[in-house]
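Colleague: Below is one structure. I have some questions about it.
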């Protein structure tokens, strides 16, 4: 989509400009080619920045958009090759030739097979060819208007106050407005009151995004309900939720263990005994009444205690199928709309600031047409504008309110909320939609995915991880991501409508496949160049989800809830441009030696796999930033070639069976997260890391050391040179020595 293109172009232009100033560029003799391409990109960026927002809501994507995007990906790949080859040329000038670097870039047969001069000629020709194609594309692009646009293009400091945001994130969301409180006041007494039926069913029915879940949550947490119903269970329904998983959620929620039971009949029998006291079950976002007849009617009817079921649904027929007592939710009135907007934006502001903005705020609230989700998203936009009335007027007058939407069910305010994102945040938000609805998004993994994709810019003397964490908080502050109230380090996309919007915006380059819902038809065949592939509920191997031709363009591959997948060799061979490879919690036992061909790979996650060995070819992954091996219990050693991973920023080793960590880890000077570092080794050989090997790891923010009792050096120098260290964990088998007792209070 054109709406995302502006961030692609800006990112590539910044990378080109950075590379043009490096010695490696001069060593390859291609600086003039790079500067020529950069000049072309600057003109294209001006048009894209203007047109991207205007074409966001159009049903037809212009051909030039796809062509420019393909060229940006090609530029990104070429820069990787240039950086690697340039570094080698510079190194060869001072040192004897090292082993050949493997090349996955199919335009060239190899870096060195035809000699460096021919390579320089080829790469220069490739850059000129991209430049020429972009100039031809310029002829098809709209001309820039002379006047400015009323779209949200003004550049400003977008970062929401982190301190205020963290406080608000840790507070559970509150319902606002008289309509919600009135509904709670009417429903709770009716649900508590004894009826003729053993199990009464209530239904909250309304259109998507109208606050059904919010109302259900208020009822669920009401003190009167918890006093009357000792067992309270909340189940978030989804298409991915199997019958067995559904029954387990209720039984576990009732406080009963299901152990390893996977048999539906056994679980149904267990359900009756689990609900041994008065119970309340919430089924949120239910789309079918079949679950009552198929799973709940018999075990709940046979039970000896009374209970209540509360469902939220968009479909009146679902409520009818349950023979439920129905409460309908509708749009918020003008007064409650402003109350909600004000509460979302000004949780801690003075009444004086509110009064100055009330007139324009009421008009903005009216544009949301009483849609609670729309109001919350617009509140996120306004929160980033501060208390400037002029900024609020810009939001009110934005063209995004009047452009025809491409998804009728998505309110205009959600489009505006996306359009208003700074270019560096647009792709970050869209990346979140690759996660299945049932899977929480972990901050630790997410920020490293973003960095691997090149989506993060360092800000104000902060490293990439800190900048990415600020992006995360900004998306939460804009109500696009919703953190877990008990754990700020996990989140979900705030609402299904936002997920629908995000997935639509990346539908031209991303594929999401649920192994349990695959059909015999191939709806993916029209997507010739997918860049991102997310697979969940897959079985055994990855053969056949997409064609080999489609795999050639992949930049990220993530697996979710696929514990039986074992074979990934063919896909690695046919996806040479991968930057993100997440195989965590699968049954993969070995990495092929061809893993070393993935020159562009930056993120490799093997957490919880059955990998027994990491091949030495991993040393060829010169761009690798994250290597995570947590919980790989079969892994007993690391290759010495790990010392070649000079761009590595994160190495996770806890929960493995490795006996020692090679000393070369101390040479990885960009490491800022190192966990599971084992000191020494069982045989006291000089192979394993000692504390003095950490002396040069000055960028560490997180350090976890195991077997500190095997240290043969004091470690004073190692810990003295850690100005950014925030977290230090030390574990041993013997009492801590005096030096570590001195260090710990400083952490």
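Colleague: Would you mind putting 478-487, 719-728 in packing order, based on average other-beta-carbon counts within 10 Å, highest first?
Modeller: For the peptides 478-487, 719-728, the packing ranking is 478-487, 719-728.
Colleague: Now for a different question. How would you classify region 201-249 from its alpha-carbon gyration tensor, with a ≥ b ≥ c the square roots of the eigenvalues: rounded for a/c under 1.5, else prolate if a/b is greater than b/c, otherwise oblate?
Modeller: It is oblate, given that a/c is not under 1.5 and a/b is not larger than b/c.
Colleague: Roughly how many whole Å is it from the C-alpha centroid of region 317-386 to that of region 401-425?
Modeller: 17
Colleague: So, in nm, how far is label residue 369 from label residue 273 when the simple model puts each one 7 Å beyond its Cα toward the Cβ?
Modeller: Here the answer is 5.3 nm between the modelled labels.
Colleague: Given a Förster distance of 30 Å, report the FRET efficiency between residue 226 and residue 317 from their Cβ-Cβ distance, rounded to the nearest 0.05.
Modeller: The calculated FRET efficiency here is 0.45.
Colleague: Further question on the same structure: Could you list log10 I(q)/I(0) for region 178-328 at q = 0.14, 0.15, 0.16 Å⁻¹, which the Debye formula gives when each Cα is one point scatterer?
Modeller: Log-scaled intensity ratios, in q order: -0.64, -0.74, -0.85.
Colleague: Bin by bin, in steps of 10 Å, what percent of the Cα pairs in region 352-488 do you find, going until the bin that has the longest distance?
Modeller: Pairs per bin, as whole percents: 11, 37, 33, 18, 1.
Colleague: Among 310-323, 246-259, what's the highest-first ranking by average C-beta atoms within 10 angstrom per residue?
Modeller: Going from most to least packed, we get 310-323, 246-259.
Colleague: To the nearest 0.05, how large is the calculated FRET efficiency for residue 486 and residue 439 if R₀ is 22 Å and r is the Cβ-Cβ distance?
Modeller: Efficiency, from the Cβ-Cβ distance: 0.85.
Colleague: Mind ordering 191-204, 80-93 by average Cβ neighbours within 10 Å, highest first?
Modeller: Packing proxy ranking, top to bottom: 80-93, 191-204.
Colleague: Next question, about the same structure. Just want the ordering: 660, 603, from fewest to most Cβ atoms lying within 10 Å of their own Cβ.
Modeller: Result, fewest neighbours first: 660, 603.
Colleague: How much length is gained if the chain between residue 18 and residue 499 is pulled fully straight, taking 0.36 nm per residue apart and subtracting their Cα-Cα distance, in nm to one decimal? The partial results should precede the final answer.
Modeller: Working: separation 481, 0.36 × 481 = 173.16 nm, distance 3.42 nm.
Computed gain between residue 18 and residue 499 is 169.7 nm.
Colleague: Can I ask one more? To the nearest Å, what is the center-to-center distance of region 217-248 and region 446-515, using C-alpha atoms only?
Modeller: 27
Read the figures in this text as sums done on the coordinates, not as results from a lab. The model shown is predicted, which means the values in this text are computed figures rather than measured ones. Glycine also receives a Cβ, built like all others from the backbone with ideal geometry; neighbour counts cover every protein chain displayed.
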